[in-house]
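Throughout, read-outs are computed from the coordinates displayed, never taken from laboratory work. The structure displayed is predicted, hence computed values, not measured ones. No Cβ is skipped: glycine too gets one built from the backbone with ideal geometry, and neighbour counts run over all protein chains shown.
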Amino acid sequence: MLWVINFILLAIIIVFFIYPRWTLKRNAKVVEQPEFERLMATSQLIDIREISEFRVKHILSARNLPASQMEQSLNAINKKKPVLLYENGKPLASVKVAKQLKKAGVPEIYILKDGLNNWTGKIKKG
């Protein structure tokens, strides 16, 4: 009986902690701010937060394509250019969006590690 409980606990750990990280690494690369800024000149910068958050504050030159509407917005993304994604903090919604983009044919996807909350570069406040 104890082995069943241990097996269930192990399965829960895998589902909630290991699988999302594995999926993320398979579809995108999480990068620190200096590399993210370096990539901005040659990539598409996409803020995946909701429009209300985007209007308050966003990284300068970012486009807003909310994660909740990404499936409908895939045609607005150039599949031949790298994509940079960010949200407020640690990547959560970015995992799902990166998977969608990879499936749609985007070869290079990068995610800002600590998100907009820790961004020290140029921003636009609205």
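Miscellaneous remarks
- Spin-label model distance (nm) - Arg38 vs Lys125, 7 Å beyond Cα toward Cβ: 3.1
- Taking the Cα centre of the range 2-125 as reference, the dipole from Cβ charges on Lys and Arg (+1) and Asp and Glu (-1) amounts to some 280 debye.
- The residue among Ile48, Leu2, Gly115 whose Cα reaches farthest toward the positive pole of the charge dipole of the chain, with charges on the beta-carbon of Lys, Arg, Asp and Glu, is Ile48.
- Taking the number of Cβ atoms within 10 Å of each Cβ as an exposure proxy, the fewest-first ranking of Val4, Val56 is Val4, Val56.
- Gain on full stretching of the segment that runs from Ser68 to Ala93 - 0.36 nm per residue minus C-alpha separation: 8.1 nm
- Amide H contacts under 5 Å for Ile123: Leu60, restricted to partners 5 or more places along the chain or on a different chain, H placed in the peptide plane at 1.01 Å from N.
- If a spin label sat at a point 7 angstrom from the Cα of Ala76 along the line to its beta carbon, the backbone N atoms of the range 28-56 nearer than 18 Å would be those of 43-56.
- Eligible lysines near Lys79 by straight Cα distance, threshold 24 Å, same-chain separation 8 or greater: Lys25, Lys29, Lys96, Lys99, Lys102, Lys103, Lys113
- Checking [x] -0.28, -0.53, -1.19; [y] -0.32, -0.60, -1.11; [z] -0.43, -0.64, -1.16 against log10 I(q)/I(0) by the Debye sum over Cα atoms at q = 0.09, 0.13, 0.21 Å⁻¹ calculated from these atoms, the matching label is [x].
- Legend: calculated FRET efficiency, Asn118 to Trp3, from the Cβ-Cβ distance at R0 = 30 Å, rounded to 0.05, equals 0.10.
- Close amide H partners of Gln44, meaning residues 5 or more places away or on another chain with modelled amide H under 5 Å apart, are Val83, Leu84.
- Treating r as the C-beta distance of Ile51 and Arg26 and R0 as 30 Å, the FRET efficiency rounds to 0.55.
- By the count of neighbouring beta-carbon atoms within 10 Å, fewest first, Ser61, Ser94, Ser73, Ser68 end up ordered Ser61, Ser68, Ser73, Ser94.
- Only Cα pairs under 8 Å and 6+ residues apart enter the sum, and on that basis the relative contact order of the range 2-125 stands at 32 percent.
- Under 5 Å, built H, 5+ apart or other chain: amide partners of Lys57: Gly126
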